[in-house]
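**Q** The structure that follows is given in the form of structure tokens.
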Amino acid sequence: MEANVLTQVFLPLSLAVIMFGMGLSLTPADFKRILIYPKAVAIGLVNQMILLPLIAFGLCKLFNLSPELSVGMMILAACPGGATSNLIAHLAKGDTALSVTLTAFSSILTVFTIPIIVNFAILHFIPDGSEQQLNVLSTVISVLAITIIPVIIGMVLLQKSPDLAKKMDQPLRKLSALFFVLIILAAILKERAHVVEYFVKAGPVAISLNIITLALGFYMAKAFGISEKQSRTISIESGIQNGTLGITIAATLIGNSVMPIPSVIYGLLMFGTAGALIYWGNRKKMILEEEVRKN
């Protein structure tokens, strides 16, 4: 996207508001849970930080996705889970505390891994696209400014004025949802002449990435002896991505109008699989409760 008010002001500001809202639900205890759930957190982070980008890269090559869409898919894969994953984990009867912990840690780590993964993708898929590469230092500073710092401000407000934070929580959740919808619509409108074509090309990669990472997260956790509730949470954290951050990096930091499309497509498709996960989680809980009543 061209440098304008939408990409340079509204988009980063919207993401900052979303992350500030996430900060209102975080406490220092969320960062201490790595000591309580070390294996679950480790498996979740391996899926999120290592396996997800590798799978995205393999799918881009397998489906022979165009260079710009491939880079866009890798940008998405480099992003952490967002506040949406915490809500989905809660609705799917997962371990919300573990979800929040994984989101918090992945958000911090990806500040430093995003420029590495994205620059690798640009050089690999667009050999002559070196001018589009992210400056590592400025990218770290930018991502810190629009993600981590708003989260810290939200956490401080929660500690200092819990009543105010509680009052702001629900309105900010609704505002965050509105911003997400507006960002998606803006990205679609920008490329409306080609959006169907892009959806046909990138859609199969996006849904494959989503389903594979969701399944891998769940079954890998189960294989390591993690409870079903926490396995479901790790699955959600592995497959639900911060599409808003992906769009912001592609549109604002790189300034490309095609690269945000995979984040848009993934953001739309993941809500379908999230709905299935929520149904599955609630169904499992009902079955367990019924078994308890019978016994």
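**Q** Out of (1) in contact with a helix residue (DSSP H, G or I) (Cβ under 6 Å, 6 or more places away or on another chain); (2) farther than 30 Å from Lys285 by Cβ; (3) in a helix (DSSP H, G or I), what's the single condition that is false for Leu102?
**A** (2)
**Q** Which of the helices (runs of 4 or more DSSP H) contained wholly in the stretch 183-255 include at least 3 residues that are closer than 30 Å to Arg283 by Cβ and in contact (Cβ under 8 Å) with a residue 24 or more places away in the chain?
**A** It comes to 195-223, 228-239.
**Q** Among the listed residues Leu157, Leu137, identify the single one that is over 18 Å from Gly81 (Cα atoms), part of a helix (DSSP H, G or I) and at pLDDT 90 or above.
**A** When all the criteria are applied, what remains is Leu157.
**Q** Would the stretch 79-91 turn up any residue that is under 18 Å from Asn256 (Cα atoms), within 16 Å of the chain's Cα centre (by Cα) and not in a helix (DSSP H, G or I)?
**A** So far as the stretch 79-91 goes, yes, one or more of its residues are under 18 Å from Asn256 (Cα atoms), within 16 Å of the chain's Cα centre (by Cα) and not in a helix (DSSP H, G or I).
**Q** Of all residues in the stretch 43-75, which are among the aliphatic types (A, V, I, L, M) and closer than 13 Å to Ser238 by Cβ?
**A** Across the stretch 43-75, the qualifying residues are Ile43, Leu45, Val46, Met49, Ile50, Leu51, Leu52, Leu54, Ile55, Ala56.
**Q** Looking at the stretch 167-182, which of its residues are touching a residue at least 12 places away in the same chain (Cβ under 8 Å) and more than 18 Å from Met259 (Cα to Cα)?
**A** Hits for the stretch 167-182 are Met168, Asp169, Leu172, Arg173, Leu175, Ser176, Phe179.
**Q** Could you list, in sequence order, all residues of the stretch 160-173 that are in a helix (DSSP H, G or I) and surrounded by fewer than 19 Cβ atoms within 10 Å (Cβ to Cβ)?
**A** Scanning the stretch 160-173 gives Lys160, Pro162, Asp163, Leu164, Lys166, Lys167, Met168, Asp169, Gln170, Pro171, Arg173.
**Q** Would you be able to tell me the number of residues in the stretch 180-207 that are among the small types (Gly, Ala, Ser) and closer than 22 Å to Leu52 by Cα? Can you show your working first?
**A** Taking the stretch 180-207 and keeping what is among the small types (Gly, Ala, Ser), we get 186-187, 193, 202-203, 206.
Next, from what is left, pick out any that are closer than 22 Å to Leu52 by Cα: 202-203, 206.
Selection size over the stretch 180-207: 3.
**Q** Right, another one. Condition first: modelled with pLDDT of 85 or more, out of contact with any Phe, Trp or Tyr (no Cβ under 6 Å at 6 or more places or on another chain) and closer than 30 Å to Ile43 by Cα. Can you find one or more residues in the stretch 194-202 that meet it?
**A** Just the residues of the stretch 194-202 that are modelled with pLDDT of 85 or more, to begin with: 196-202.
Within this subset, residues satisfying the condition of being out of contact with any Phe, Trp or Tyr (no Cβ under 6 Å at 6 or more places or on another chain) are 196-202.
Within this subset, residues satisfying the condition of being closer than 30 Å to Ile43 by Cα are 202.
Yes: one or more hits.
**Q** Since Ile122 meets every condition but one in (1) within 24 Å of Leu54 (Cβ to Cβ); (2) free of Cβ contacts under 8 Å to residues at least 24 places away in the same chain; (3) β-branched (Val, Ile, Thr), which condition does it not meet?
**A** The one condition Ile122 does not meet is (2).
**Q** Return only the number of the condition from (1) touching a helix residue (DSSP H, G or I) at 6+ places or on another chain (Cβ under 7 Å); (2) of a type outside the set (Phe, Trp, Tyr); (3) closer than 22 Å to Ile254 by Cα that Pro127 does not satisfy.
**A** Status for Pro127: all satisfied but (1).
**Q** Need at least 3 residues that are buried (at least 19 other Cβ atoms within 10 Å of the Cβ), at pLDDT 85 or above and aliphatic (A, V, I, L, M) per element, so show me which helices (runs of 4 or more DSSP H) inside the stretch 1-54 make the cut, counting only ones lying wholly within it.
**A** Because the criterion is at least 3 residues that are buried (at least 19 other Cβ atoms within 10 Å of the Cβ), at pLDDT 85 or above and aliphatic (A, V, I, L, M), the helices (runs of 4 or more DSSP H) in the stretch 1-54 that meet it are 38-46.
**Q** Let me ask something else. Given the criteria of a type in the set (S, T, N, Q) and modelled with pLDDT of 85 or more, does Ser176 qualify?
**A** no
The values are calculated or read from the model by the stated rules, or taken from the named source; none is laboratory data. Bear in mind the structure is a predicted one, so any value in this text is a computation, not a measurement. No Cβ is skipped: glycine too gets one built from the backbone with ideal geometry, and neighbour counts run over all protein chains shown.
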